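Encoded as structure tokens, the structure appears first; notes follow it.
The values are calculated or read from the model by the stated rules, or taken from the named source; none is laboratory data. For clarity, every value in this text was computed on a predicted model and none was experimentally measured. All Cβ positions, even for glycine, are placed from backbone atoms using ideal geometry, and neighbour counts span all protein chains on display.
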Amino acid sequence: MNDPANAQPTLGTCPFCEQGEVRVRKCSDQCAGVHFFALCDECEAIWLKPDLQAERIFPDAENATCPICNADLFGSQARWATKQELHGTSWSEATSG
Amino acid sequence: MQKSNKNLLSQIPTKWAVALVLIAIGYALAQPVLNSKLGWNLPSVANLTGDSKGKGGAQDKSVDKDASTSSRNSTSDPKGSISKQDASAKSESKKESTQSDGSKGTATSSGAKSSKQTSSDKQQETKGASSNKPRGPPTSETDNASSSTEGLRYGLLKDVGGNRFVSPGGLIYGPGSQEGHRLKHLERHLDDQPNRSGPHGVFYGDMAQVIRWLDDTYERASAKAKGTSKKQEQDRLVLEAPFTKPIGYVGGQTGKRKGNPDAKKIRLVVEGKKVITAFPF
């Protein structure tokens, strides 16, 4: 976490549950390739755009899946994106940390 | 008696006397071995020669002792189960006292702090025990609780199968979240995460207490009781309810900056009756 390149940038506090930290999730799939979305680590609200004012969606409570490739939301193919991984993407400007 | 024995021995030929003595020595050596190995009850040489007033009494007692020992061994199961029952009864009474400590409707600050220490201790046990099961429900504390109240997790939650547990108020704790189970996620709110950016609500008390508070929050907020609020978005519902006394404090970096203020409200996120998350704020 001390390494800035490996820091997990945040979009801020979740506007829905007002407690969780919204960070960018990096998921990869053979069909969809590498893709990003924002996820609240408390209530699992999801944003497909790097804008917390945009429409949010909620995954299934018991079988949460990636909104893009439908793989397990917390499966081994997905993890929190680092600052380095977001560099040059639209998510980079919206995040801090 | 001894005199007549001596007269009798004097009439026996020497070689017969030697043979009898050898037999007696052999018997004296073999008797205890045969008794212990084969479970026989052969009399000792002393008993046979009639010198049983002193040693024989002791021998009898030792036989009694053996008998009592073997009877203890043969009834070791019932005895063992009794001692086990005693042990479980003790552990139950201990757990009951822990539960009753944490079962107050609302926490006082001092009481809450002490119960928080208890929960912290339990959490450490839980973390250690659950490290091998990253995606299951909480284990050690849970298992202890379930053994104390006939299969009820934390003494409150009924196992309804499919890794789902239902509270007395009807809230469902099932699989889900990054931790793999909602109960595990909830346990994160029993301890502070001081390095977490933003707020992190930390409950006073243990899981049983938290589950009761969440039932209370759900019931009051659903009934739109005074001071409660309700916000619906798609399938998700955010319920809030105030408490008269602190039920936790605000942790995380935000809480730390503010001096970890007391929390007197609970926010509960549900989907139907499925608990997504809950925390004090």
Original post:
Out of the range B:157-174, which residues are hydroxyl-bearing (Ser, Thr, Tyr) and within 14 Å of chain A (Cβ to nearest Cβ)?
Top reply: B:Tyr173
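From the list B:Gln232, B:Gln178, pick out the single residue that is closer than 14 Å to A:Cys43 by Cα, free of Cβ contacts under 8 Å to residues at least 24 places away in the same chain and in a loop (DSSP other than H, G, I, E, B).
Details: B:Gln232 fails: in a loop (DSSP other than H, G, I, E, B).
Exactly one residue qualifies, and that residue is B:Gln178.
One line per residue, one yes/no per condition, for (1) aromatic (Phe, Trp, Tyr); (2) surrounded by fewer than 17 Cβ atoms within 10 Å (Cβ to Cβ); (3) part of a loop (DSSP other than H, G, I, E, B); (4) in contact (Cβ under 8 Å) with a residue 60 or more places away in the chain:
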| site | (1), (2), (3), (4) |
| --- | --- |
| A:Val34 | no, yes, no, no |
| A:Ala61 | no, no, yes, no |
| A:Ile68 | no, no, yes, no |
| A:Ser76 | no, yes, yes, no |
| A:Gln84 | no, yes, no, yes |
**OP:** Give the residue that is farthest from the other protein chains (Cβ to nearest Cβ), with candidates limited to residues of the range B:231-249 that are buried (at least 20 other Cβ atoms within 10 Å of the Cβ) and over 32 Å from the mean Cα position of the chain (by Cα).
**Re:** B:Phe243
**OP:** Filter the range B:202-229 down to residues that are surrounded by fewer than 19 Cβ atoms within 10 Å (Cβ to Cβ) and hydrophobic (A, V, I, L, M, F, W, C) and give me whichever is nearest to B:Val270 (Cα to Cα).
**Re:** B:Ala223
Original post:
Here are A:Glu21, A:Glu55, A:Glu62: which of them is within 18 Å of B:Gly198 (Cα to Cα) and within 11 Å of chain B (Cβ to nearest Cβ)?
Top reply: A:Glu21
Original post:
For B:Gly255, all conditions in the list (1) assigned to a helix (DSSP H, G or I); (2) in contact (Cβ under 8 Å) with a residue 60 or more places away in the chain; (3) closer than 24 Å to B:Arg153 by Cβ hold save one; what is the number of the exception?
Top reply: (3)
Original post:
Do we have any residue at all in the range B:175-182 that's more than 14 Å from chain A (Cβ to nearest Cβ), more than 17 Å from B:Tyr154 (Cβ to Cβ) and either buried (at least 22 other Cβ atoms within 10 Å of the Cβ) or out of contact with any Pro (no Cβ under 6 Å at 6 or more places or on another chain) (or both)?
Top reply: no
**OP:** Name every residue in the range A:49-59 that is assigned to a loop (DSSP other than H, G, I, E, B) and aliphatic (A, V, I, L, M), in order of residue number.
**Re:** A:Leu52, A:Ala54
Original post:
So A:Asn2 clears everything in (1) modelled with pLDDT under 95; (2) more than 13 Å from chain B (Cβ to nearest Cβ); (3) assigned to a loop (DSSP other than H, G, I, E, B) except one condition, right? Which one?
Top reply: (2)
**OP:** Report, by residue number, each residue of the range B:192-216 that is of a type in the set (Val, Ile, Thr) and either part of a loop (DSSP other than H, G, I, E, B) or more than 14 Å from chain A (Cβ to nearest Cβ) (or both).
**Re:** B:Val210, B:Ile211
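Please work out if B:Ile266 is within 14 Å of chain A (Cβ to nearest Cβ) and either touching a Ser or Thr at 6+ places or on another chain (Cβ under 6 Å) or farther than 25 Å from B:Leu157 by Cβ (or both). Working first, answer last.
Working: within 14 Å of chain A (Cβ to nearest Cβ): yes; either touching a Ser or Thr at 6+ places or on another chain (Cβ under 6 Å) or farther than 25 Å from B:Leu157 by Cβ (or both): yes.
Answer is yes for this residue.
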**OP:** Scan the range B:263-281 for residues that are part of a strand (DSSP E or B) and hydrophobic (A, V, I, L, M, F, W, C) and jot them down.
**Re:** B:Ala263, B:Ile266, B:Leu268, B:Val269, B:Val270, B:Val275, B:Ile276, B:Ala278, B:Phe279
